[in-house]
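Working notes for the structure below.
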Amino acid sequence: MKTSLLLSVATVAAVVASAGMHPARADLATIESTCRAGADAARAADRHFSPIFCRRRLAAHPGAADADVPGLARIAAVLGAGNADAARHDAGRLLKRSRDARYRGALEQCDRLFASVRGAFAAAEAAVVDRRYAAVRDTLERATDTGFDCSSAFSSANVGPSPLWNYTIDNVQYAFMCIGITSLINTK
């Protein structure tokens, strides 16, 4: 595992060096390498995320190609916060259409839970900016279970599966992606 992580980190450095770039800057090839190295680091800590998910989401962000590795971690946190906002938006939309009290109760609980997730990603973004990298891990590890709590609310209410399940899965991916990328720059 450590050999794989070191090899991945070396790959990131080699891509940066061969492109003649400043090592703190990223381009699309570096996004790919960073996502692979971050996924390897996360997997070593039993926090799995898809490097393909990482690459696609980061590459779609307008600032990612010019970001350094901490910048990519910050963007991952921003994307996670946006995912939580989208979940809350959908919960609100579904609340307006639903008349079933149990279904509405589950949606209201999910709205509160994703508000908490949004706050965790905002705190993680601030921690990256402030270079408090261990705080990123601590903050986001707690947030990964929150989406599953939303699904449990629907199960407990016996009203079918959560309509917000995709947000739950993406929430975990963004959290572990941010933790994994951050672990590449964690100096303490």
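Rg and Dmax of the range 72-113, both derived from C-alpha coordinates alone, stand at 12.8, 42 Å. 3J(HN,Hα) along the range 110-121: 5, 4, 5, 5, 6, 5, 5, 4, 4, x, 5, 5 Hz, from the Karplus curve 6.51 cos²θ - 1.76 cosθ + 1.60 with θ = phi - 60°, whole Hz, x for Gly and Pro. How many percent of the accessible area of the range 79-188 is carbon or sulfur, using a 1.4 Å probe? Carbon with sulfur: 48 percent of the solvent-accessible area.
Given C-alpha coordinates of the range 84-188, what is the ratio Rg to Rh with the Kirkwood estimate of Rh? For the range 84-188, the value is 1.07. In loop segments of the range 98-188 as defined by DSSP, there are no GluC sites (Glu not before Pro) with at most 12 further C-beta atoms inside 10 Å of their C-beta. By the compact-protein rule of thumb, 2.2 N^0.38 Å, the alpha-carbon radius of gyration of the range 98-157 corresponds to a ratio of 1.38. Two decimals is fine: what is log10 I(q)/I(0) at q = 0.12, 0.14, 0.29 Å⁻¹ for the range 44-100, from a Debye sum with one equal scatterer on every Cα and no solvent? Here the Debye-derived log intensity ratios amount to -0.42, -0.54, -1.16.
Surface exposure of the range 76-150, expressed per residue as accessible area with a 1.4 Å probe, stands at 50 Å².
The values are calculated or read from the model by the stated rules, or taken from the named source; none is laboratory data. Predicted, not measured: the structure shown is a model, and the values here were computed from it. Virtual Cβ from ideal backbone geometry, glycine too; neighbours counted across all protein chains shown. The protein model used for the area step is the full one, side chains on, heavy atoms only, and it has no ligands, DNA or RNA in it. Shrake-Rupley method; radii C 1.70, N 1.55, O 1.52, S 1.80 Å.
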